[in-house]
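Written below as structure tokens is the structure these notes are about.
The values are calculated or read from the model by the stated rules, or taken from the named source; none is laboratory data. The structure displayed is predicted, hence computed values, not measured ones. Here the Cβ is made from the backbone with ideal geometry for all residues, glycine too, and neighbour counts use every protein chain on show. Surface areas here come from the heavy atoms of the whole protein model, side chains and all, with no ligands, DNA or RNA. Shrake-Rupley method; radii C 1.70, N 1.55, O 1.52, S 1.80 Å.
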Amino acid sequence: MTGSFWDIGLSELIDEMDVEQAMKFTNIINRFFTNNKDNSSEKKEVNVSDSEKMVFPEVVPVLPLRGVVVFPQTGLPLTIGQPRSMKLIDDVMVNDKIVAFVTSKDVDNENPSKNDLYEIGTIGVVQRLFRVPDGTVRILVQGLQRVRITEYVQEMPYFMAKTELIPEDEFADVEVEAMTLAIRNQFERISEINSSIPTEMIGSVTSIENALTAVYTIANFQDMEFEEAQEILELNSVKEKLLKLTTILTHDIELLEIGQKIQSEAKSEIEKMQDDYFLREQMKAIQRQLGENDEQVELDELQLKIQSVGMSEEAQKQAAREFRRLKMMPSSSAEYSVIRTYLDWLTDLPWEKMSEDSIDIVRVKEVLDSDHYGLNDIKERLLEYLSVRKLRSERKEALATDGKADEIRKPREGVILCFVGPPGVGKTSLGKSIARALGREFVRISLGGVHDEAEIRGHRRTYIGSMPGRIIQELRRVESRNPVFMLDEIDKLGQDYRGDPASALLEVLDPEQNANFRDHYLEVSFDLSQVMFITTANSLASIPGPLLDRMEIIQLTSYTEQEKVEIAKGYLIPRQLKENGLFSQEVIFEEEALHDLIQHYTREAGVRNLERVIGGVCRKAVTKITTEGEKQVVVTKDNLRDFAGKRKYYTMQEIAQRTEIPGVATGLAWTPAGGDVLFIEAALIPGKEGFQLSGSLGNVMKESANAAFSFVRSHAQDLGIDPKIFSKNLIHIHVPAGATPKDGPSAGVTIATALVSLLIGKPVIKDLAMTGEITLRGQVLQVGGIKEKVLAAHRAGIRKVFIPVLNEADLDELPEDVLNDLTFELIENAEDAISKAF
């Protein structure tokens with residue numbers, strides 16, 4: 001059996017020969033590679049290349065090949081190592097030198113059987129034999145013609161088989177000539193990229209004109225899988241051979257060009273790095289001769305900065321350790337820039353820089369009043385907090401002279417305030433006002449949609465591109481360790497595989513822990529106890545319990561209509577006039593127009609949408625001034641539609657129309673955006689008994705509706721309802737705005753009232769709204785959000801409100817004008833509410 005393809009290269013083989021052998025071998029190779037049918041001889045001898053006129057023996061020895069294919073009309077060097085293959089070569093060299101070269105299907109099988117060999121191979125001659133000192137034999141063979149093995153007649157000591165010649169289909173046309181030219185050009189392109197191919201060999205191959213000879217010669221030189229080479233050998237049509245070889249050459253050219261590009265880019269990058277290195281070394285040498293050394297100057301400045309910024313003892317030791325590592329590294333090292341960036345972060349932090357508090361309680365009150373209308377509870381709580389802080393500072397200074405300063409606890413921000421309320425009521429702007437009143441820097445970061453814990457605590461330095469969390473980043477930006485730091489939208493934090501940012505905030509917002517806040521990037525503790533943290537949220541429901549426990553909740557409720565009018569006159573209108581380039585006297589809003597805007601064009605707890613509507617009116621006014629030459633535009637209730645368009649929200653008349661038929665009751669709901677009016681509709685469908693709910697209701701609201709239905713059915717006779725009506729009809733409860741999800745127990749008494757109204761055929765009072773959870777026994781339980789719900793009823797034009805008797809204390813939170821406009825009924829049970837609702 002033969003060895004594998006001999007891939008050490010022809011030039012290396014020639015180098016191992018003496019002069020005489022090398023000259024003979026080179027002549028043989030050149031003659032084989034330039035041989036074609038047009039210049040073939042007429043001799044009938046074995047070593048002549050015109051194989052079609054040769055007469056071959058009927059039975060020839062078969063030499064198995066591993067990983068290589070011998071093509072007709074080509075020469076190929078092979079290495080023989082198996083004993084039976086060497087026996088075969090020794091025998092044929094003393095006879096006619098004719099051998100059938102057949103490739104094994106498995107390149108790893110060193111002793112293939114006849115079934116492991118391909119059926120089609122190449123008959124050829126062994127032209128030269130070279131014995132190598134390592135015991136192997138190297139031979140130079142020439143393929144003559146394709147043959148098919150028809151029958152093996154001998155297996156030992158080597159294969160002998162009967163063969164039949166396979167004629168070649170050499171039909172040539174213009175397409176074949178074009179494809180031949182293409183593969184010659186492709187081979188030439190490969191030779192240009194692969195500089196190891198000798199120039200004289202390239203010229204010999206590219207001068208071949210015969211298509212079949214060109215295919216076999218180029219395929220013989222081309223590095224390809226032996227399966228692909230065998231496929232080319234087995235194809236009968238020269239056109240098919242050309243097409244297959246073209247595909248292989250195209251793929252190899254693409255790979256070589258990509259490799260050449262990568263090698264070129266890598267070489268350019270290496271050369272650039274070398275040039276940069278030499279330039280830096282030259283620059284250092286020049287600086288040393290001039291007595292200058294910028295790098296050393298920078299290191300000296302950095303060391304001085306480390307010692308002077310007032311770091312904590314832990315941070316000082318860490319910085320000194322990293323600085324020693326930095327000095328021992330070359331500046332071109334990647335780790336050098338990492339350590340330098342880390343030290344820059346440490347030295348740029350405000351370890352001792354603080355804004356001096358101007359705790360003038362009178363001034364603080366003036367600033368808060370000038371920036372915000374109303375919000376009296378919040379302003380009062382802030383003044384209490386600042387008064388305590390001022391008293392601590394004064395007492396500490398008084399006792400310092402007596403050596404008793406330690407008896408007063410060091411002032412620290414011991415309370416984390418959380419402003420909770422609907423959008424647009426001024427939570428964020430209130431934080432800015434607090435910072436302005438205290439004379440501190442203001443920092444705001446939005447936590448909405450934050451999923452990564454590293455946003456809070458930073459990335460560890462082992463990661464590429466790591467950096468501190470946003471807490472440390474903002475403190476570095478404002479250069480103060482005691483700013484007013486607002487964490488906006490804390491109820492909208494996310495949580496996924498990257499960590500839980502809410503848990504990371506536990507340390508930040510705990511006054512007992514944040515004095516030693518440890519960022520993952522810094523790896524040392526930083527004192528956050530002097531930072532005044534303020535958080536905002538629309539709802540408390542989504543804030544984790546441990547985080548909520550660390551904050552003092554301050555509720556910001558909806559504005560009343562009169563408060564919105566005052567805010568519009570004092571804040572919104574002046575701001576919109578300025579933004580639209582108007583003077584204060586050019587656009588005048590009458591108070592009735594503002595009331596109309598609030599009632600019929602906006603329906604919100606805050607004033608954000610109201611400001612948008614006022615801005616739209618101002619833009620319409622600008623158009624009138626610029627196009628019609630108006631000197632002053634007065635917005636009145638009568639011409640408001642010209643500026644703001646059609647009304648968007650229902651009036652009391654619309655509520656009356658919806659509740660004028662039996663089976664409809666008006667409820668009150670709380671949402672994160674404020675209170676809202678809710679309609680409960682009930683319908684009776686004759687037929688099968690049942691109870692049906694619709695309107696995108698949550699589980700709690702469904703259970704509340706079932707409880708209300710059970711109460712009404714169990715007290716049917718007391719309520720004047722025929723009990724038989726339940727067994728003969730399907731009762732359907734629907735809550736309109738079906739696309740809006742609704743949940744909660746506070747609509748229980750409203751649902752019961754709507755059911756009774758339907759079943760006794762009496763409509764509910766048109767200007768009545770109610771709220772309260774109902775039990776199976778009819779008790780009306782306490783509910784939340786009374787202030788928001790009542791304000792929503794007031795905005796909608798409701799004049800009478802039923803609330804649970806247990807919520808009586810919540811009425812104290814309502815503005816006086818709302819209390820005067822509405823009539824309240826405190827209900828203890830559902831029967832009481834139903835009796836007063838008709």
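Let me confirm something: among THR666, THR740, which residue is of a type in the set (Val, Ile, Thr), open to solvent by 50 Å² or more (accessible area, probe 1.4 Å) and within 50 Å of the chain's Cα centre (by Cα)? So that I can check it myself, show each step before the final result.
Numbers: THR666 fails: open to solvent by 50 Å² or more (accessible area, probe 1.4 Å).
Step by step, each of THR666, THR740 is checked, and only THR740 is of a type in the set (Val, Ile, Thr), open to solvent by 50 Å² or more (accessible area, probe 1.4 Å) and within 50 Å of the chain's Cα centre (by Cα).
Which residue out of LEU368, LEU343, LEU386, LEU326 is more than 30 Å from SER429 (Cα to Cα), in contact (Cβ under 8 Å) with a residue 40 or more places away in the chain, open to solvent by less than 40 Å² (accessible area, probe 1.4 Å) and outside any loop (DSSP other than H, G, I, E, B)?
Values: LEU368 fails: more than 30 Å from SER429 (Cα to Cα); LEU386 fails: more than 30 Å from SER429 (Cα to Cα); LEU326 fails: in contact (Cβ under 8 Å) with a residue 40 or more places away in the chain.
LEU343 is the lone residue from the list that is more than 30 Å from SER429 (Cα to Cα), in contact (Cβ under 8 Å) with a residue 40 or more places away in the chain, open to solvent by less than 40 Å² (accessible area, probe 1.4 Å) and outside any loop (DSSP other than H, G, I, E, B).
Take ALA320 and tell me if it is buried (at least 16 other Cβ atoms within 10 Å of the Cβ), small (Gly, Ala, Ser) and out of contact with any strand residue (DSSP E or B) (no Cβ under 6 Å at 6 or more places or on another chain).
Numbers: buried (at least 16 other Cβ atoms within 10 Å of the Cβ): no; small (Gly, Ala, Ser): yes; out of contact with any strand residue (DSSP E or B) (no Cβ under 6 Å at 6 or more places or on another chain): yes.
In short, no.
Could you please find all residues in segment 618-636 being within 13 Å of LEU597 (Cα to Cα) and more than 50 Å from the chain's Cα centre (by Cα)?
Of everything in segment 618-636, just one residue is within 13 Å of LEU597 (Cα to Cα) and more than 50 Å from the chain's Cα centre (by Cα), namely THR636.
Every residue, every condition in (1) surrounded by 13 or more Cβ atoms within 10 Å (Cβ to Cβ); (2) under 50 Å from the mean Cα position of the chain (by Cα), yes or no:
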| position | (1), (2) |
| --- | --- |
| LYS162 | yes, no |
| GLU170 | yes, no |
| ILE193 | yes, yes |
| PHE226 | yes, yes |
| GLU231 | yes, yes |
| LYS239 | yes, no |
| GLY259 | no, yes |
| ASP275 | no, yes |
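If ALA665 passes every condition in (1) in contact with a Gly (Cβ under 8 Å, 6 or more places away or on another chain); (2) more than 27 Å from ASN609 (Cβ to Cβ); (3) not polar (S, T, N, Q) but one, which one does it miss?
(1)
Consider ILE721 carefully, then state whether it is crowded, with 18+ Cβ neighbours inside 10 Å, hydrophobic (A, V, I, L, M, F, W, C) and modelled with pLDDT under 90. Show your work before the answer.
Working: crowded, with 18+ Cβ neighbours inside 10 Å: yes; hydrophobic (A, V, I, L, M, F, W, C): yes; modelled with pLDDT under 90: yes.
Yes.
Just to be sure before I move on: is THR246 touching a residue at least 24 places away in the same chain (Cβ under 8 Å) and either surrounded by fewer than 18 Cβ atoms within 10 Å (Cβ to Cβ) or more than 23 Å from GLU168 (Cα to Cα) (or both) in the structure I sent?
The answer is yes for THR246.
Being surrounded by fewer than 16 Cβ atoms within 10 Å (Cβ to Cβ), out of contact with any Ser or Thr (no Cβ under 6 Å at 6 or more places or on another chain), among the acidic types (Asp, Glu) and part of a strand (DSSP E or B): is that true of GLU151 here?
So GLU151 fits the description; yes.
Within segment 197-216, which residues are under 17 Å from LEU245 (Cα atoms) and touching a residue at least 24 places away in the same chain (Cβ under 8 Å)?
VAL205, ILE208, GLU209, ASN210, ALA211, LEU212, THR213, ALA214, VAL215, TYR216
Condition check: under 14 Å from ASP767 (Cβ atoms), touching a residue at least 40 places away in the same chain (Cβ under 8 Å) and either surrounded by 15 or more Cβ atoms within 10 Å (Cβ to Cβ) or under 49 Å from the mean Cα position of the chain (by Cα) (or both). Does ALA830 satisfy that?
On the way: under 14 Å from ASP767 (Cβ atoms): no; touching a residue at least 40 places away in the same chain (Cβ under 8 Å): yes; either surrounded by 15 or more Cβ atoms within 10 Å (Cβ to Cβ) or under 49 Å from the mean Cα position of the chain (by Cα) (or both): yes.
The answer is no for ALA830.
Can you tell me which of SER710, SER704 is in contact (Cβ under 8 Å) with a residue 12 or more places away in the chain, within 29 Å of LEU826 (Cα to Cα) and either open to solvent by less than 30 Å² (accessible area, probe 1.4 Å) or in contact with a Cys (Cβ under 6 Å, 6 or more places away or on another chain) (or both)?
Numbers: SER710 fails: either open to solvent by less than 30 Å² (accessible area, probe 1.4 Å) or in contact with a Cys (Cβ under 6 Å, 6 or more places away or on another chain) (or both).
So the residue among SER710, SER704 that is in contact (Cβ under 8 Å) with a residue 12 or more places away in the chain, within 29 Å of LEU826 (Cα to Cα) and either open to solvent by less than 30 Å² (accessible area, probe 1.4 Å) or in contact with a Cys (Cβ under 6 Å, 6 or more places away or on another chain) (or both) is SER704.
Tell me the strands (runs of 3 or more DSSP E) entirely within segment 535-651 that contain at least 1 residues that are surrounded by 14 or more Cβ atoms within 10 Å (Cβ to Cβ) and touching a residue at least 60 places away in the same chain (Cβ under 8 Å).
On the way: elements: 552-555, 587-589, 633-635.
Fully inside segment 535-651 and qualifying: 552-555.
Restricting attention to segment 227-241, does a residue exist that is in contact with a strand residue (DSSP E or B) (Cβ under 8 Å, 6 or more places away or on another chain), outside any helix (DSSP H, G or I) and either touching a residue at least 12 places away in the same chain (Cβ under 8 Å) or closer than 30 Å to PRO64 by Cα (or both)?
For segment 227-241, residues in contact with a strand residue (DSSP E or B) (Cβ under 8 Å, 6 or more places away or on another chain), outside any helix (DSSP H, G or I) and either touching a residue at least 12 places away in the same chain (Cβ under 8 Å) or closer than 30 Å to PRO64 by Cα (or both): present.
For segment 287-294, check the following and say yes or no: at least one residue is open to solvent by less than 50 Å² (accessible area, probe 1.4 Å) and either at pLDDT 90 or above or among the hydrophobic types (A, V, I, L, M, F, W, C) (or both). Full working, then the answer.
So in segment 287-294, the residues open to solvent by less than 50 Å² (accessible area, probe 1.4 Å) come out as 287.
Next, from what is left, pick out any that are either at pLDDT 90 or above or among the hydrophobic types (A, V, I, L, M, F, W, C) (or both): none.
No, the conditions are met nowhere in segment 287-294.
Quickly run through segment 611-630 and pick out the residues that are in contact with a Phe, Trp or Tyr (Cβ under 8 Å, 6 or more places away or on another chain) and among the hydrophobic types (A, V, I, L, M, F, W, C). Spell out the reasoning first.
Restricting attention to segment 611-630, the residues satisfying the condition of being in contact with a Phe, Trp or Tyr (Cβ under 8 Å, 6 or more places away or on another chain) are 613-614, 616-617, 620-621.
Once the filter is applied, which keeps residues that are in contact with a Phe, Trp or Tyr (Cβ under 8 Å, 6 or more places away or on another chain) and among the hydrophobic types (A, V, I, L, M, F, W, C), segment 611-630 yields VAL613, ILE614, VAL617, ALA621.
For LEU759, all conditions in the list (1) touching a strand residue (DSSP E or B) at 6+ places or on another chain (Cβ under 6 Å); (2) crowded, with 17+ Cβ neighbours inside 10 Å hold save one; what is the number of the exception?
(1)
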